[in-house]
Amino acid sequence: MLSPLDWRRRWQLRRTLPCPLRDYLARPLPPKGQDYRTTDFVAIDLETTGLDASRDLILSVGYVVLHGNRIDLSSTCHRVVRIDRSIPEASAVIHQITDDQSARGLELIDVMVELLDVLAGKVLIAHHASIECGFLGNACRRLWGGGLPVQVVDTQVLAHRTFERRQTAFKASDLRLHSLGERFNLPRYGAHNALSDALAAAELFLAQAAYRDNGQGLPLKEFLW
């Protein structure tokens, strides 16, 4: 039985002209009842000029593919995106991407074509995934006239559920990517680099999955946003 999201994908597919987005839409989404250990994921992180997807721009994209509970390090990719304006100083201080680096980057359409090809038929993993979903969906609408139906695992949401289920007191800072990584004794990477944050999100997801899995596996729906 198709999920509402997969029905939306099929409806959008019928109304989308040939383009990279249509190629993405042609791939079914993984069934929610499928064991997460047999599911393919893509952990993604974006660096942007701000947090408003309707106004701000993507500056860099980092991603890595997971095959079930294994990270495929050979799939890691980091792309800097060329933009048509100066990078705000406050933004550059955070992600360390300069105007010169952006000028040598790729066009957004080229980055999105590559990313959609990798993401097709897989589940997106991100930390505080509303940012990634907002910017990627907006990019698809600008480039090809349609949004991006995608199944999402949000590692921040998973952490929030765990704290509430265990009735553990927490503060907002406890839900940050690197704070959660410390709780699971994961490697510490430099913050605000799209690739290292994507890797950190991938590792955090696997740690969260291992915490929930009693060795018999779990359906994908247990993790979806």
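The values are calculated or read from the model by the stated rules, or taken from the named source; none is laboratory data. What you see is a predicted model; the values in this text were computed from it and never measured. As a convention, Cβ positions derive from the backbone with ideal geometry for all residues, glycine included, and neighbour counts pool all protein chains shown. Please note that ligands, DNA and RNA were not included when accessible areas were found on the heavy atoms of the full protein model with its side chains. Shrake-Rupley method; radii C 1.70, N 1.55, O 1.52, S 1.80 Å.
Considering only protein heavy atoms and a 1.4 Å probe, what is the carbon-and-sulfur percentage of the accessible area of the chain?
Numbers: 5780 of 11390 Å².
Ligands and nucleic acids excluded, carbon and sulfur give 51 percent.
Excluding VAL65 itself, what net charge comes from residues whose Cβ is under 13 Å from its Cβ, given Lys and Arg +1 and Asp and Glu -1?
-2
Per DSSP H run of at least 4 residues, take -39500 (n - 2.57); add these up for the chain, divide by its residues and hand me the 222 nm value, nearest 500 deg cm²/dmol.
-12500 deg cm²/dmol
Under a straight-distance cross-link criterion of Cα-Cα below 29 Å, which lysines are reachable from LYS171, leaving out those fewer than 8 residues away in the same chain?
Partners found: LYS221.
Of all DSSP beta bridges in the chain, what percent run antiparallel (nearest 5)? Each step should come with its number before you reach the end.
Values: 17 of 24 bridges.
Counting only bridges with both partners in the chain, antiparallel ones make up about 70 percent.
Might you tell me the accessible area per residue for the chain, computed with a 1.4 Å probe and given in Å²?
Spelled out: the 1.4 Å probe surface of the chain, per residue, equals 51 Å².
Note down the magnitude of the dipole of the stretch 13-160 about its Cα centre, charges +1 on Lys and Arg C-beta and -1 on Asp and Glu C-beta and zero elsewhere, to the nearest 20 debye.
Here the stretch 13-160 has a charge dipole of around 640 debye.
Could you compute how much accessible surface ARG188 exposes when probed at 1.4 Å, giving the result in Å² to the nearest 10?
Probe radius 1.4 Å; accessible area of ARG188 about 150 Å².
What number in nm² do you get for the chain if you take the convex hull of its Cα atoms and divide its surface by four?
Directional mean of the projected Cα hull area for the chain stands at 12.8 nm².
Suppose every Lys and Arg Cβ carries +1 and every Asp and Glu Cβ carries -1, with no other charges. What dipole size does the stretch 81-181 come out with about its Cα centre, to the nearest 20 debye?
Computed charge dipole of the stretch 81-181: roughly 480 debye.
What accessible surface, in Å², does a 1.4 Å probe find on TRP144, ignoring ligands, DNA and RNA and rounding to the nearest 10?
Number for this one is 50 Å².
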